[in-house]
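See below for the structure under consideration.
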Amino acid sequence: MSEERFDAIVVGAGPAGSIAAYCMAKEGLEVLLIERGTAPGAKNSSGGRLYGHSLNKIMPNFWEEAPVECQVTRETVTFLTDKTAVSLDVKSEKFGDEPSFTVLRSKFDAWLAEKAEEAGAMLACGVRADELIVKDGKVIGVLCDEDEMFADVVIEADGANAWLAQKAGIRGELSPKHVASCVKEVIELPRQVIKDRFNLTGETGAAQLFVGECTQGLQGGGFIYTNKESISLGLVVTTEVFLDTEYKLADLIEEFKMHPAVQPLIEGGKVVEYSAHLVPEGGLGMMPPLVSDGLLIVGDAAGLVLNIGYQVRGMDFAIASGEAAAYAVVTAKKLGDYSKQGLGVYQTALEKSFVLQDLKTYAKVPEFLENKRIFAKYPALVEEMMVKLFTVDGTLAKPLGKSMFGTIKRHGGVVQLAKDAWKGVRAL
């Protein structure tokens with residue numbers, strides 16, 4: 001393998017890497033797909049929510065073949081205090097117009113890599129890329145232990161840490177401000193129990209996001225996604241906050257599971273998987289150079305994740321970036337130009353697509369979400385307002401406006417709330 005040269009080497013068999021390998025192999029390129037884990041998906045982790053539009057473009061109706069878990073038809077956002085949960089709950093068949101799914105990465109990533117192999121890519125598992133091979137300022141391959149593997153282009157799809165680009169000096173170290181720490185458990189439950197607890201029918205699923213007490217008011221949130229015979233439950237907390245707190249993520253998830261609004265949903269379940277990983281959340285503010293001579297960076301390694309509070313997207317960005325990278329390599333091969341300029345069509349394609357367009361639209365969101373009141377103060381405000389709204393205790397009723405004004409005043413005042421609301425409107 002050390003003597004062979006490829007058109008492209010892809011490092012990382014997650015969604016971005018496998019799609020890049022698949023699209024290039026379909027065009028007849030000789031592609032090597034390297035995966036550090038013992039199998040694709042063996043070490044990959046995410047909450048498990050796939051918005052299907054970008055993959056549907058590449059593989060129409062992929063869900064008919066792919067090992068997806070459930071099609072999401074119920075969306076819930078929940079504010080938590082220590083004893084209360086206030087939710088916005090939407091259940092609609094209209095979500096099926098552009099379907100999204102829950103997935104288990106060990107199954108889904110293995111399927112994507114298999115599709116890349118079927119298209120003609122060579123998959124090498126248990127192989128760790130230690131560093132990029134650079135000659136005269138151009139990336140010409142990767143060093144794996146003592147083996148040198150060469151290619152016209154290397155596509156880095158090795159996750160949020162992006163070790164290869166860091167070691168090569170192409171990107172700096174990650175800032176704790178720009179990444180979040182995620183911990184997730186997969187909790188096994190019978191399918192009928194899940195359907196009953198989440199009010200589901202058929203093979204449909206639910207996605208629920210939490211803010212407030214689940215992170216003890218720290219910047220971040222919780223999630224629950226339903227699978228066929230399990231629930232994916234986890235927390236995502238901005239890494240920077242752990243520099244100034246005694247809380248540990250492992251303790252937070254245990255307390256989250258015991259919350260009176262969460263515990264009944266997982267009661268009797270068995271934890272069959274536990275994982276942790278970093279999530280890039282800095283948006284454009286953390287994005288490295290995506291194109292260098294002989295190198296393209298895709299997916300999480302490129303910081304292509306969007307968290308806007310009520311929506312967290314990563315896999316659809318990764319898939320679209322993998323497709324765009326493949327298109328750039330195919331174009332560069334036709335022109336015989338693998339320089340930064342020759343591969344620049346990748347950057348152009350991302351700028352024209354939803355990937356960079358959406359990140360630009362929500363460029364102010366990461367800064368807005370640094371507002372501690374969103375996580376530490378406003379869940380309690382929502383709780384008090386809703387509890388008052390539905391409580392009848394025999395005392396003299398107050399006009400609704402006056403009652404709500406008093407609640408707002410106790411939780412920071414109208415002016416502060418208006419300022420935060422305005423910042424939120426501008427960010428979103």
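The values are calculated or read from the model by the stated rules, or taken from the named source; none is laboratory data. These numbers come from a predicted model, not from an experiment. Here the Cβ is made from the backbone with ideal geometry for all residues, glycine too, and neighbour counts use every protein chain on show.
Where strands (runs of 3 or more DSSP E) fall entirely within region 1-119, none has at least 2 residues that are within 20 Å of D158 (Cβ to Cβ), under 19 Å from the mean Cα position of the chain (by Cα) and of a type in the set (D, E).
Rundown of residues vs (1) touching a helix residue (DSSP H, G or I) at 6+ places or on another chain (Cβ under 8 Å); (2) of a type in the set (V, I, T); (3) over 24 Å from V211 (Cβ atoms); (4) surrounded by fewer than 17 Cβ atoms within 10 Å (Cβ to Cβ), yes/no style:
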site	(1), (2), (3), (4)
E383	no, no, no, no
A397	no, no, yes, yes
T407	yes, yes, no, no
R410	yes, no, no, yes
Q416	yes, no, no, yes
K419	no, no, no, yes
K423	yes, no, no, yes
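Scanning region 70-108 for residues that are exposed (fewer than 12 other Cβ atoms within 10 Å of the Cβ) and among the small types (G, A, S) gives a single hit, S92.
Scanning region 207-226 for residues being in contact with a Lys or Arg (Cβ under 9 Å, 6 or more places away or on another chain) and either surrounded by fewer than 24 Cβ atoms within 10 Å (Cβ to Cβ) or polar (S, T, N, Q) (or both) gives a total of 6. None of L343, L356 is part of a loop (DSSP other than H, G, I, E, B) and within 22 Å of V291 (Cβ to Cβ) except L343. The conditions of being more than 20 Å from the chain's Cα centre (by Cα) and either in the same structural domain as D196 (by TED's automatic domain parsing) or at pLDDT 95 or above (or both) are met by V272.
Residues considered: L381, L389. Of these, the only one that is touching a His at 6+ places or on another chain (Cβ under 6 Å) and modelled with pLDDT of 85 or more is L381.
Whether a residue is in contact with a Pro (Cβ under 8 Å, 6 or more places away or on another chain), touching a residue at least 12 places away in the same chain (Cβ under 8 Å) and surrounded by 23 or more Cβ atoms within 10 Å (Cβ to Cβ) was assessed, and L112 passes this test.
Restricting attention to region 396-428 and to residues that are closer than 20 Å to P379 by Cβ and assigned to a loop (DSSP other than H, G, I, E, B), the residue that is modelled with the lowest pLDDT turns out to be L428.
Taken over region 134-173, the criterion of being among the small types (G, A, S) and farther than 23 Å from L304 by Cα is satisfied by G137, G141, A151.
Kindly establish whether S54 is of a type in the set (S, T, N, Q), buried (at least 18 other Cβ atoms within 10 Å of the Cβ), in contact (Cβ under 8 Å) with a residue 12 or more places away in the chain and within 17 Å of E117 (Cα to Cα). The answer is no for S54.
So that you can scan it fast, the table gives a plain yes or no per residue for (1) hydroxyl-bearing (S, T, Y); (2) assigned by TED's automatic domain parsing to the domain that holds A207; (3) within 30 Å of Q216 (Cα to Cα); (4) at pLDDT below 95:
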site: P40; (1), (2), (3), (4): no, no, no, yes
site: T81; (1), (2), (3), (4): yes, no, yes, no
site: S92; (1), (2), (3), (4): yes, no, no, yes
site: K115; (1), (2), (3), (4): no, no, no, no
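Residue-by-condition table, conditions (1) among the small types (G, A, S); (2) out of contact with any helix residue (DSSP H, G or I) (no Cβ under 8 Å at 6 or more places or on another chain); (3) not assigned by TED's automatic domain parsing to the domain that holds L235:
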| position | (1), (2), (3) |
| --- | --- |
| I133 | no, yes, yes |
| D147 | no, yes, yes |
| F150 | no, yes, yes |
| I155 | no, no, yes |
| A160 | yes, no, yes |
| W163 | no, yes, yes |
| K167 | no, yes, yes |
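Go through region 291-324 and give me each residue that's under 16 Å from K57 (Cα atoms) and in contact with a Gly (Cβ under 9 Å, 6 or more places away or on another chain). Hits for region 291-324 are M315, D316, F317, A318, I319, S321, G322. Per the conditions (1) modelled with pLDDT of 95 or more; (2) under 32 Å from the mean Cα position of the chain (by Cα); (3) not in a helix (DSSP H, G or I), the sole criterion not satisfied by E370 is (1).
Per-residue answers, yes or no, for (1) over 26 Å from D136 (Cα atoms); (2) not hydroxyl-bearing (S, T, Y):
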{"position": "Y327", "(1), (2)": "no, no"}
{"position": "T331", "(1), (2)": "no, no"}
{"position": "D337", "(1), (2)": "no, yes"}
{"position": "L343", "(1), (2)": "no, yes"}
{"position": "T361", "(1), (2)": "yes, no"}
